[in-house]
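Some notes on the structure that comes next.
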Amino acid sequence: MRVLVVEDSARLREAVQTGLQRQGFAVDAAADGRQGLLCARTTEYDVIVLDIMLPEMDGLDLLTEARAKGVDAMVLLLTARDAVEDRVKGLQAGADDYLVKPFSFDELVARVQALARRKHGARSTTIRVDDLEVDATAKKVKRGGIDIDLKPREYAILEYLAHRINRPVSRSELEEHVYDEESQVRSNAIDSAICNLRARLNVASCRPLIHTRRGLGYVLSEQGP
Amino acid sequence: MKSIRRELTLRVVTRVLPLIVLGCVLSYFLVRAVVYREFDTALRHEMQVLASAAERIGDGVDFDFAVERVQGTAIDSGLDYFFDARLSDGSLLKQSPLLKGARLDMPKGRPGQITVAPIMLPNGRQGRGCEYTFEPRVVTLTEHPGPVDRPNAPTGPVSIVIGASTSDLDRPLAALALTEVLVGAGLLGATLLALLSSVRAGLVPLSSLAHEVTDIQPANLAARVSEHGQPQELVPIASRLNALLARLEAAFAREKQFASNAAHELRTPVAEVRTMAEVAADAPAHDMRTTLLEIASVAAEMQGTIDTLLTIARANSGQLAIAISEVDLGTYLRELCARRIAARPGAAPLTCEAPDDLLVETDLAAIASILGNLIDNALAYTPSQGRILARAIATPTGVEVCVRNHVADFTHDDLEAMFEPFWRKRGTFIAGSHSGLGLALVRALCEVIGAQIRAELLPATSELAVFITLPRRPGLPAEDAPAREPSSASLPPTRPSAPAALDSASAPPSRPTPLRT
């Protein structure tokens, strides 16, 4: 899942970015409203964590303009203003959730995860495909009841495919949602990660779940290609 | 607790009650006096009739009068009427049978005059007595041929005393007194009822006003007392109350806004600390030192904000000590601008126009903080394509410093709001350590050093101009201030821009540190 953090406080921005990256998110950061709007319009984010009081462009103005330009990422407003009218104003501007500073980082992570699930139409935190279980909260994967140890990047790819179950996902889409701007993405990084993922999921002679659709990308499905 | 209704009622009653009592008593005694006078008149007439019945005939005296004559007259009351006629030697001439020879006494008046006075009758009742001593009319034997009552009577006047009971008068007078007491009491009761009703009706507008005021709660300070329809006496009260409410509402709004802004400004650094700490908890040990240093830095910024707030509070409450010294404002402003230009090469161009020898007596730390904050504010909020002008000029009343800079979307409403703590115009938020306290501090310090501050919007050039007018000497009228020769020896030391709070208790009098947000 790819997340954009728009926050003018460098310390807070870097702490949130680092914390979310450790949770397996691909995280980009912007320090002011104009930069944030540019990122939101040029990259397809699953969740945008947005401060309201920003230099250059107010967070609410950013949100309004982003929605007008068709940005459909889930938006979590992060602000120090807790008055009801402030919350209403934020939600009416197109935000999906609201978190008041100071906040628990665990709560921020939980809300970002919930918004990511909503983005892909999932309600449960656990996604099941045949005998495969992907626990999006615990970031754990089981197949046939056996725990499978995945690297963070491999888990991120699997979770994104699981959210898009039975739908083909292109390499570029996977790159966009799994890697952030700081990541050094090699040309075959996705293919290599998918190969490793298939190998790790191939336990106890289970049938393959990740299939290649030529010209379309990869699909996670219990049915064949 | 005092009650207007009770006080008013009591006052009216205490004034009306004696009047009613006095009226009743006076009318009673007036009626009584009239009745008694009529009674006395009747007695005098009776006395004249009796006197005309006494005749001296030769050596004797005849009293040609029958008691029965007065039976049934106005003064007759049956057994309560007495008369006693005596000769000059005191011997009895004729008297009422009821006296049975006893004397009917009363003080003698002057001879020839009828005297009336209250007496005690022989039957023990109160009555009126009438006495008349006179020479009887002389009648010849030819005119009165018959026997006389007292032959060989001594010469001299005859004295007649009449006594009549006033019981027939006292009974109606007692009834009159009772009537007057009842009427007075009734009158007092009616007055009281009318008074209570009138006071209640008269106090209705006051009660309504009290209800209106009672209904005003901190949550609805926008409510106002209705001035229209109020009695003339209450209009000034309602008007003053409304003015007070307006001030109260504004103060509450400022307080609420301040609390909200303060909470907002303190939440962000707290969020920084908390998030950094929570994220660092899962970080490798070598990252911990960096995080701790960052947290210490946030704490220092928070302390700076709190110190500035305290300084504003002390300045506003007159608890900020100042140290007056001679300051060459022109030189100080030029040096300050030079330092700022050097520190912010990418900012909008800053021009300084300040002549030498602009000497004022003021607090160096305060004026340094005022000028530093104004210029920092202008540098922070002026677009890079705009310009900033800092100018100091001598005026007849002192020195005027003006800092002008280009602003975007600034309105006249913003002019007043910009001096409120934590105020920042929406959309003009800038990154960095600005907390929105700079201009609030400037205003508070201006008040402390006796400087006047005003802000103007120059729409033609889209510029905001802040003017600071300093008297040449604090507390001295500018026109009386003596002109002073400039002295280079009095140049104030320019201080670095390190933020430090101006402590009212510990601020050094000679070399205070500039204060900045």
Review point. Out of region B:120-193, which GluC sites (Glu not before Pro) are coil in DSSP terms and have no more than 15 other C-beta atoms within 10 Å?
Key: B:Glu143
Study note, to complete from the structure: Mean per-residue count of partner chain Cβ within 10 Å for A:72-82 equals 2
Review point. Considering every residue in A:48-56, what mean count of other chain Cβ atoms within 10 Å of its Cβ is obtained?
Key: 3
**Study point:** Rounded tilt (10° steps) of B:364-381 against the dominant C-alpha axis of chain B
**Key:** 70 degrees
Exercise for review: Quick one: what are the phi-derived ³J(HN,Hα) couplings along region B:2-17, Karplus 6.51/-1.76/1.60 with θ = phi - 60°, whole Hz, x for glycine and proline?
Suggested key: 6, 10, 4, 4, 5, 4, 5, 4, 4, 5, 5, 5, 5, 8, 7, 4
Exercise for review: Order these peptides, A:41-54, B:102-115, B:154-167, B:456-469, by their mean beta-carbon neighbour count within 10 angstrom, highest first.
Suggested key: A:41-54, B:154-167, B:456-469, B:102-115
Revision key, fill the gap. Contour minus Cα-Cα span, B:Ala250 to B:Leu8, at 0.36 nm per residue, comes to 83.3 nm
**Study point:** DSSP beta bridges in the protein assembly as shown [antiparallel fraction, %, rounded to 5]
**Key:** 75 percent
Review point. Hey, if you drop one equal point scatterer on each alpha-carbon of chain A and run the Debye formula without solvent, what base-10 log of I(q)/I(0) do you get at q = 0.09, 0.14, 0.18 Å⁻¹?
Key: -0.38, -0.86, -1.27
Exercise for review: Please list the non-local residues whose amide H lies under 5 Å from the amide H of B:Glu353, H modeled 1.01 Å from N, same-chain partners needing a gap of 5 or more.
Suggested key: B:Ala390, B:Arg391, B:Ala392
Point to revise | Normalised contact order of region B:288-441, rounded percent, pairs of Cα under 8 Å and 6 or more residues apart | key: 22 percent
Point to revise | Most fluctuating residue given options A:Ala40, A:Ala31, A:Ala68, as computed from a GNM of chain A linking Cα atoms under 10 Å | key: A:Ala68
Check your understanding: Under a 1.4 angstrom probe, counting protein chains only, how are B:Asp363, B:Asp149 ranked by accessible area, largest first?
Key -> B:Asp149, B:Asp363
Revision key, fill the gap. Computed Rg/Rh for region A:103-165 (Cα atoms; Rh = Kirkwood radius) stands at 0.98
Revision key, fill the gap. From highest to lowest solvent-accessible area (probe 1.4 Å; ligands, DNA and RNA excluded), B:Leu293, A:Leu174 read B:Leu293, A:Leu174
**Study point:** Expected 222 nm ellipticity per residue - DSSP helices of 4 or more, -39500 (n - 2.57), all of chain B, to 500
**Key:** -16000 deg cm²/dmol
Exercise for review: Provide the per residue accessible area, probe 1.4 Å, for region A:126-220, rounded to a whole number of square angstrom.
Suggested key: 52 Å²
Study note, to complete from the structure: One can check that the equivalent ellipsoid of chain B, built from the alpha-carbon gyration tensor with semi-axes equal to the square roots of five times its eigenvalues, has lengths in Å, largest first, of 116, 28, 19
**Study point:** Relative contact order of chain A, defined on C-alpha pairs under 8 angstrom at six or more residues apart (%)
**Key:** 17 percent
Revision key, fill the gap. Which residues qualify? For B:Gly127, with a placed amide H closer than 5 Å and at least 5 residues away or on another chain, they are B:Ile119, B:Leu121, B:Thr166
Check your understanding: Total accessible area buried between chains A and B, 1.4 Å probe, in Å² to the nearest 100?
Key -> 2200 Å²
Check your understanding: In whole Å, what three semi-axes, largest first, describe the equivalent ellipsoid of region A:58-141 built from its Cα gyration tensor (square root of 5 times each eigenvalue)?
Key -> 29, 16, 9
Point to revise | Scattering curve values for the protein assembly as shown, log₁₀ I(q)/I(0), Debye with Cα scatterers, q = 0.07, 0.08, 0.11 Å⁻¹ | key: -0.75, -0.88, -1.15
Review point. By per-residue mean of other Cβ atoms within 10 Å, what is the highest-first order of A:92-101, B:369-378, B:16-25?
Key: B:369-378, A:92-101, B:16-25
Review point. Rounded to the nearest 5, what % of the DSSP beta bridges within chain B are antiparallel ones?
Key: 90 percent
Study note, to complete from the structure: Here P(r) for region A:126-220, Cα-Cα distances in 5 Å bins, as whole percents, is 2, 13, 27, 27, 19, 9, 3, 0
Check your understanding: What is the Cα radius of gyration of region B:208-322 over 2.2 N^0.38 Å, N being its residue count?
Key -> 1.82
Practice item. Provide the descending list of Cα extents for region B:4-172 along its principal axes, expressed in whole angstroms. Key: 89, 28, 24
Study note, to complete from the structure: Residues other than A:Leu78 with Cβ under 9 Å of its Cβ, Lys/Arg counted +1 and Asp/Glu -1, net out at -1
**Study point:** Computed over chain B: relative contact order in percent, which uses C-alpha pairs under 8 Å that are six or more apart
**Key:** 12 percent
Point to revise | Over 18 Å [Cα-Cα, region B:113-252], rounded percent | key: 78 percent
Point to revise | Accessible area of region A:126-220 belonging to carbon and sulfur atoms, whole % at 1.4 Å probe | key: 44 percent
Review point. What whole-number value in Å² describes the accessible area per residue of region B:295-349 for a 1.4 Å probe?
Key: 47 Å²
Study note, to complete from the structure: Note: A:Arg118 to A:Asn166 extended length (0.36 nm per residue) minus current alpha-carbon separation gives 15.5 nm
Study note, to complete from the structure: Note: A:6-18 gets an average of partner chain Cβ contacts (10 Å, Cβ to Cβ) equal to 6
Review point. If one takes the longest principal axis of the Cα atoms in chain B, at what angle in degrees, from 0 to 90 and to the nearest 10, does the Cα axis of helix B:285-316 lie?
Key: 40 degrees
Check your understanding: Helix B:235-281 versus the longest principal axis of chain B: what angle, 0 to 90°, nearest 10, using Cα atoms?
Key -> 30 degrees
Check your understanding: How many percent of the alpha carbon pairs in region A:2-119 exceed a separation of 18 Å?
Key -> 43 percent
Review point. Taking A:Lys119 as the anchor, which lysines have their alpha carbon closer than 28 Å to its alpha carbon, excluding any fewer than eight residues away along the same chain?
Key: A:Lys69, A:Lys89, A:Lys101, A:Lys139, A:Lys140, A:Lys142, A:Lys151
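The values are calculated or read from the model by the stated rules, or taken from the named source; none is laboratory data. Everything quoted here is computed from the prediction, not taken from an experiment. All Cβ positions, glycine included, derive from the backbone under ideal geometry; neighbour counts span all protein chains shown. Note: areas computed on protein heavy atoms with side chains; ligands, DNA, RNA excluded. Shrake-Rupley method; radii C 1.70, N 1.55, O 1.52, S 1.80 Å.
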